[in-house]
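S.K.: Quick one: this structure, given as structure tokens, is what I'll be asking you about.
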């Protein structure tokens, strides 16, 4: 089968990548004797093939950039043999299969000081960090003031999917409830495809399906998307209507972290109302602190 120039470039990049990663490993690093008569540093093709459980001929063809079929299992074997880290494994998958690698298990991500610092600069834009399971794991003062103290909630109630379908007041407070529910659930399903072997997802889907007719209805649509923008209008019990433009941003260093930013709509008065809520929350915290110090 003939290959176009883009495929040729991709196969050339793959060949160079494999040769580079093979050359950086010593036999001792992978548990092999060093032996003699090594004219170049690194492992031989035959040694990589042995470690990956493939034939030397097949691995040679792959490293030569030939157009051959490769399974995910073989790619994972190669990644282990070449001791690739997560970023290198992802690069290997993209070069060979043009897709992201599957994720076998979920590892809770962390919010770096840099990301938290960025959130804190958004003074009147409620913003939070959401993991692949749609759990809120970080937020700024505006988000705390507008949507409550997530640190005081049990884990299930910090999940955006659980909140939009299970909180009694969610539908009444959100003018665009159905639209938001559909978008969140479609993004949730897109993430589910990456963590299909993680039992948490099946358990969560089963619980929500049993408890919420709306969840069952929308889940049956099988919508899958990664939407980056939207709108949201909520009725806050203290300041009334808040109108936001919604922006989802994915962090570069992790596919499992997204920033959800609520930008006040211009001319809606929302920015001023959020500033008022932030001031009220700060005053409440100060009063709490003063009460503790006076004990």
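The values are calculated or read from the model by the stated rules, or taken from the named source; none is laboratory data. What you are looking at is a predicted structure, and each value in this text was computed from that prediction instead of being measured. When we count neighbours, we look across all protein chains shown, and the Cβ atoms used for this are built from the backbone with ideal geometry, even at glycine.
S.K.: Looking at residue 245, is it in the same structural domain as residue 139 (by TED's automatic domain parsing), assigned to a loop (DSSP other than H, G, I, E, B) and surrounded by 13 or more Cβ atoms within 10 Å (Cβ to Cβ)? Walk me through how you get there before you give the answer.
M.R.: Values: in the same structural domain as residue 139 (by TED's automatic domain parsing): yes; assigned to a loop (DSSP other than H, G, I, E, B): no; surrounded by 13 or more Cβ atoms within 10 Å (Cβ to Cβ): yes.
The answer is no for residue 245.
S.K.: Give me the helices (runs of 4 or more DSSP H) completely within the stretch 121-190, filtered to those with at least 2 residues that are more than 22 Å from residue 240 (Cβ to Cβ) and out of contact with any strand residue (DSSP E or B) (no Cβ under 8 Å at 6 or more places or on another chain), ordered by residue number.
M.R.: Output list reads 160-166.
S.K.: In the stretch 9-61, which residue that is without any contact (Cβ under 8 Å) to a residue 24 or more places away in the chain and on the phi > 0 side of the Ramachandran plot is farthest from the chain's Cα centre (by Cα)?
M.R.: Once the filter is applied, the top-ranked residue is 37.
S.K.: Among the residues of the stretch 93-126, write down those that are under 18 Å from the mean Cα position of the chain (by Cα), surrounded by fewer than 16 Cβ atoms within 10 Å (Cβ to Cβ) and within 18 Å of residue 194 (Cα to Cα).
M.R.: Correct list: 94, 99, 100, 102, 104, 105, 107, 108.
S.K.: Now, a different point. Would you check if there is a residue in the stretch 62-76 being crowded, with 16+ Cβ neighbours inside 10 Å and either assigned by TED's automatic domain parsing to the domain that holds residue 252 or farther than 21 Å from residue 9 by Cα (or both)? So that I can check it myself, show each step before the final result.
M.R.: Step one: of the stretch 62-76, the residues crowded, with 16+ Cβ neighbours inside 10 Å are 62-63, 65, 70, 74-76.
Then drop every residue that is not either assigned by TED's automatic domain parsing to the domain that holds residue 252 or farther than 21 Å from residue 9 by Cα (or both), which leaves 74, 76.
Among the residues of the stretch 62-76, at least one is crowded, with 16+ Cβ neighbours inside 10 Å and either assigned by TED's automatic domain parsing to the domain that holds residue 252 or farther than 21 Å from residue 9 by Cα (or both), which makes the answer yes.
S.K.: Any idea which of 209, 191, 228 is surrounded by fewer than 16 Cβ atoms within 10 Å (Cβ to Cβ), modelled with pLDDT under 85, assigned by TED's automatic domain parsing to the domain that holds residue 125 and over 16 Å from residue 178 (Cα atoms)?
M.R.: Exactly one of 209, 191, 228 is surrounded by fewer than 16 Cβ atoms within 10 Å (Cβ to Cβ), modelled with pLDDT under 85, assigned by TED's automatic domain parsing to the domain that holds residue 125 and over 16 Å from residue 178 (Cα atoms), namely 228.
S.K.: Turning to a different aspect of this structure: Applying the selection to the stretch 164-184, what residues are at pLDDT 90 or above and either surrounded by 18 or more Cβ atoms within 10 Å (Cβ to Cβ) or under 16 Å from residue 228 (Cα atoms) (or both)?
M.R.: Answer for the stretch 164-184, where residues must be at pLDDT 90 or above and either surrounded by 18 or more Cβ atoms within 10 Å (Cβ to Cβ) or under 16 Å from residue 228 (Cα atoms) (or both): 164, 165.
S.K.: Which residues, taken from the stretch 249-278, are in contact (Cβ under 8 Å) with a residue 40 or more places away in the chain and part of a strand (DSSP E or B)?
M.R.: Passing the criteria: 257, 258, 259, 260, 261, 262, 263, 264.
S.K.: May I pose another question? Is it the case that the stretch 82-92 has a residue that's out of contact with any helix residue (DSSP H, G or I) (no Cβ under 6 Å at 6 or more places or on another chain), more than 14 Å from residue 14 (Cβ to Cβ) and surrounded by 15 or more Cβ atoms within 10 Å (Cβ to Cβ)?
M.R.: no
S.K.: Output the residues belonging to the stretch 202-231 that are touching a residue at least 12 places away in the same chain (Cβ under 8 Å) and assigned to a helix (DSSP H, G or I).
M.R.: 204, 205, 208, 211, 214, 215, 218, 219
S.K.: Scanning for something under 20 Å from residue 140 (Cβ atoms) and within 21 Å of the chain's Cα centre (by Cα), does the stretch 230-242 turn up at least one residue?
M.R.: Yes, the conditions are met somewhere in the stretch 230-242.
S.K.: Further question: So which residues in the stretch 30-60 are surrounded by 11 or more Cβ atoms within 10 Å (Cβ to Cβ), over 18 Å from residue 83 (Cβ atoms) and at pLDDT below 90, if there are any at all?
M.R.: If the condition is that a residue be surrounded by 11 or more Cβ atoms within 10 Å (Cβ to Cβ), over 18 Å from residue 83 (Cβ atoms) and at pLDDT below 90, then 38 is the only one that fits.
S.K.: For the list (1) farther than 30 Å from residue 278 by Cα; (2) surrounded by 14 or more Cβ atoms within 10 Å (Cβ to Cβ), I need the number of the one condition that residue 203 fails.
M.R.: (2)
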